[in-house]
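Scroll down for the structure; my scribbles are underneath it.
The values are calculated or read from the model by the stated rules, or taken from the named source; none is laboratory data. Computed from a predicted structure; not experimentally measured. No Cβ is skipped: glycine too gets one built from the backbone with ideal geometry, and neighbour counts run over all protein chains shown. To get the accessible areas, we keep the full protein, side chains included, count just its heavy atoms, and leave off ligands, DNA and RNA. Shrake-Rupley method; radii C 1.70, N 1.55, O 1.52, S 1.80 Å.
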Amino acid sequence: MGRIVVFGAGGRAGRRVVAEAAGRGHEVTAVVRDPGRHEGLAREGVRVVAGDVTDASSVAAVAAGQDAAVQAAARMDMPAEAFYAAAARALVEGLAQAGVRRLVAVGVGSLLEVAPGVRLADTPGFPGDARAFSLGHAAELPVYEESGLDWVVLAPPPVFLDEEADRTGRYRISDGRVPDATAGGPVFSFADLAVAVVDEAGDGRHHRVQVAVSY
């Protein structure tokens, strides 16, 4: 089994990635800003530590000895572009210092395309606040592209994911377009997003690209 460090382990996606990875027998380092607020993460195979994904030295320290990293962190108390750009830069530098090449990042579906060269966030009528967050999230992509990391960004559908649904283990990965939705079908869940993330952290089937993950 492998060793995976998860940044943003206390968030909706991060918590499920930690549980999924630990459930498969991986050794997990769960990185949060305040471990005292996330005692529920502790379980067999999980080490909860304090860390700052926007600080390269902190990234290097918590990532030492790991096989892969997962970026699921978000910050709502600072501009999205400032956070995601800083986090991407710190991950590139810190993971290199730690000798970790594989990075799986959780993206946003609004950056997927609805037509060639047209992202959902760029379409007329797309909400302004959501567009600002999306463009902030996009700031990480050029940083990863210029790095030597073996990275992939998994973008779930542009909807509110199901936080309650149980894990099915079912998902599909497609290209950088918004995936077609089946009328009346289930909403993609955080639990199955976590399955895809841990699969990519271990197998690494997609490289240096943003792809869509959905049912």
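Observations, loosely collected:
- Tally of residues being within 16 Å of VAL106 (Cα to Cα), surrounded by 19 or more Cβ atoms within 10 Å (Cβ to Cβ) and free of Cβ contacts under 8 Å to residues at least 60 places away in the same chain across the range 55-84: 3
- Residue satisfying all of: in the range 1-11; more than 9 Å from ALA74 (Cβ to Cβ), open to solvent by 10 Å² or more (accessible area, probe 1.4 Å) and of a type outside the set (A, V, I, L, M); nearest to the chain's Cα centre (by Cα) among these: GLY10
- Any chance ALA19 is open to solvent by less than 40 Å² (accessible area, probe 1.4 Å), over 19 Å from VAL153 (Cα atoms), in contact (Cβ under 8 Å) with a residue 40 or more places away in the chain and within 15 Å of the chain's Cα centre (by Cα): yes
- Scan of the range 196-209 for residues that are touching a residue at least 60 places away in the same chain (Cβ under 8 Å) and surrounded by fewer than 22 Cβ atoms within 10 Å (Cβ to Cβ), ordered by number: GLY202, GLY204, ARG208
- Breaking point among (1) open to solvent by 20 Å² or more (accessible area, probe 1.4 Å); (2) closer than 18 Å to ALA9 by Cα; (3) in contact with a Leu (Cβ under 8 Å, 6 or more places away or on another chain), for GLU163: (3)
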